[in-house]
Amino acid sequence: MAGWSKWAIACLAAGAALARPALAATNAPQLFKERWIDGTNGAEPLVQVQALDADTFVIRQSVKTNFEAPFLYLLFGQDKALLIDTGADGGVIRPTVDRIVAQWLTAHGRKMIPLVVAHSHSHGDHVAGDAAFRGRPDTTVIGHKPADVASFFGITGWPGQNTTFDLGGRKLTILPTPGHQAAAIMVYDPQTMVLLSGDTLYPGRLYIPINFMADNRASVDRLAAFASKHSIRAALGAHIEMTSTAGQDYGHEAPTHPGEHRLELPASLIGELRAGLKARLDAADTRQVHDHFIIVTVPARPE
Ligand SMILES: [Zn+2]
């Protein structure tokens, strides 16, 4: 495990600036044709959309509108569509979603499709756009508490029970993954073989409140068990905060992201995250640096 040994070396160096190698290519396939908007082009749009297939759209909110620059996901089945997250403050997501839905309906000779708005978790940078969807016709916006999420998806054994959510010919698996935040979920899509991994696994700083470390470990243990039985082409998270240099992140609230890490992470990093979480991580503000992500503990939070 290259990432693990580099972490150990970084610890020994006690913060000394290390010359880190450029990242070796990960074994996740490249899923996107274009580079993501990263704030380096002053004329970049407020939102960028790239399709994974004709029924799967990935939306990025420009870092110029909010330093979080989150990624959102819109998936269509025959019976309904699912939007995961509504963006951070400063974003205007609904017109983009409405446009994609209208194009999908035209392509399928349809008049309407119900929309479900779910969230990777309930932090503000993933739910800030909810209000714009609450009055939308044929739209259900799921609440922000674990009980709201469990009840909508019919999960009676939260968080230990995964469940299926069928969009119509497209049976997603919903995996409760509390830790980073109490209502966190991941979504596995067998159509694209992609795992939408939220803020629990992405190329960036994986923040874990120390009071939820045990929850996070248990979530990643369950995720690893799921991953051992399913083909995952890539994990796609909700942010990018790593550069394309191994172990090197951008500063907090960086206004631009020149030379970003790819969004796609290989499924093997689930095992690397799980192994990393076995370390002692009981003090706040600990950084455990891996090539493709950094585990960061933060002080206790209410949820
Ligand atoms: Zn976030």
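Looking only at region 45-59, decide whether some residue is aromatic (Phe, Trp, Tyr), part of a loop (DSSP other than H, G, I, E, B) and crowded, with 18+ Cβ neighbours inside 10 Å.
No, there is no match, as no residue in region 45-59 is aromatic (Phe, Trp, Tyr), part of a loop (DSSP other than H, G, I, E, B) and crowded, with 18+ Cβ neighbours inside 10 Å.
What are the pairs, 6+ residues apart or on separate chains, where a residue within region 238-258 that is more than 22 Å from GLY276 (Cα to Cα) and within 16 Å of the ligand (Cβ to nearest atom) has its Cβ under 9 Å from a residue that is in a loop (DSSP other than H, G, I, E, B) and of a type in the set (S, T, N, Q)?
Within 9 Å, the pairs are HIS257/THR40.
With surrounded by fewer than 20 Cβ atoms within 10 Å (Cβ to Cβ), in contact with a Phe, Trp or Tyr (Cβ under 8 Å, 6 or more places away or on another chain) and not acidic (Asp, Glu) as the only criterion, which of ALA238, ALA254 stands out? Working first, answer last.
Working: ALA238 fails: surrounded by fewer than 20 Cβ atoms within 10 Å (Cβ to Cβ).
Exactly one residue qualifies, and that residue is ALA254.
Which one is farthest from PRO29 (Cα to Cα) among residues in region 266-293 that are touching a Phe, Trp or Tyr at 6+ places or on another chain (Cβ under 9 Å) and assigned to a strand (DSSP E or B)?
Selected residue: GLN288.
Considering THR86, THR140, which residue is touching a helix residue (DSSP H, G or I) at 6+ places or on another chain (Cβ under 8 Å), β-branched (Val, Ile, Thr) and closer than 20 Å to PRO45 by Cα?
On inspection, the qualifying residue turns out to be THR86.
In region 126-203, which strands (runs of 3 or more DSSP E) lie fully inside it and hold 1 or more residues that are under 16 Å from the mean Cα position of the chain (by Cα) and within 15 Å of the ligand (Cβ to nearest atom)? Break it down into steps so the answer makes sense when it comes.
On the way: elements: 139-141, 163-166, 171-176, 185-189, 194-198.
It comes to 185-189, 194-198.
I want to confirm something. Restricting to region 84-125 and keeping residues that are among the hydroxyl-bearing types (Ser, Thr, Tyr) and touching a residue at least 60 places away in the same chain (Cβ under 8 Å), which single residue is farthest from the ligand (Cβ to nearest atom)? Quick ask: steps written out before the conclusion?
First, pick out the residues of region 84-125 that are among the hydroxyl-bearing types (Ser, Thr, Tyr): 86, 96, 106, 120, 122.
This time we only want the ones that are touching a residue at least 60 places away in the same chain (Cβ under 8 Å), so: 120, 122.
Working: SER120: 8, SER122: 10 Å.
Checked region 84-125; the qualifying residue farthest from the ligand (Cβ to nearest atom) is SER122.
I want to confirm something. Restricting to region 64-79 and keeping residues that are more than 13 Å from the ligand (Cβ to nearest atom) and in contact with a Ser or Thr (Cβ under 9 Å, 6 or more places away or on another chain), which single residue is farthest from VAL141 (Cα to Cα)? Break it down into steps so the answer makes sense when it comes.
Within region 64-79, the first condition is being more than 13 Å from the ligand (Cβ to nearest atom), and the residues that meet it are 64-65, 73-79.
Cutting the leftovers down to in contact with a Ser or Thr (Cβ under 9 Å, 6 or more places away or on another chain) gives us 64, 73-76.
On the way: LYS64: 26, TYR73: 15, LEU74: 14, LEU75: 15, PHE76: 16 Å.
Out of the qualifying residues, it is LYS64.
State yes or no: is GLY198 in contact with a strand residue (DSSP E or B) (Cβ under 9 Å, 6 or more places away or on another chain) and at pLDDT 95 or above? Before the answer, list the steps.
Numbers: in contact with a strand residue (DSSP E or B) (Cβ under 9 Å, 6 or more places away or on another chain): yes; at pLDDT 95 or above: yes.
Answer is yes for this residue.
Do we find that ASP79 is under 27 Å from SER268 (Cβ atoms), acidic (Asp, Glu) and touching a residue at least 60 places away in the same chain (Cβ under 8 Å) in this structure?
Details: under 27 Å from SER268 (Cβ atoms): no; acidic (Asp, Glu): yes; touching a residue at least 60 places away in the same chain (Cβ under 8 Å): yes.
No; evaluated as a whole, the condition is false for this residue.
The values are calculated or read from the model by the stated rules, or taken from the named source; none is laboratory data. The shown structure was predicted, so the numbers you read here are calculated from the model rather than taken from an experiment. Counting neighbours? That spans all protein chains shown, and the Cβs are built from the backbone with ideal geometry, glycine included.
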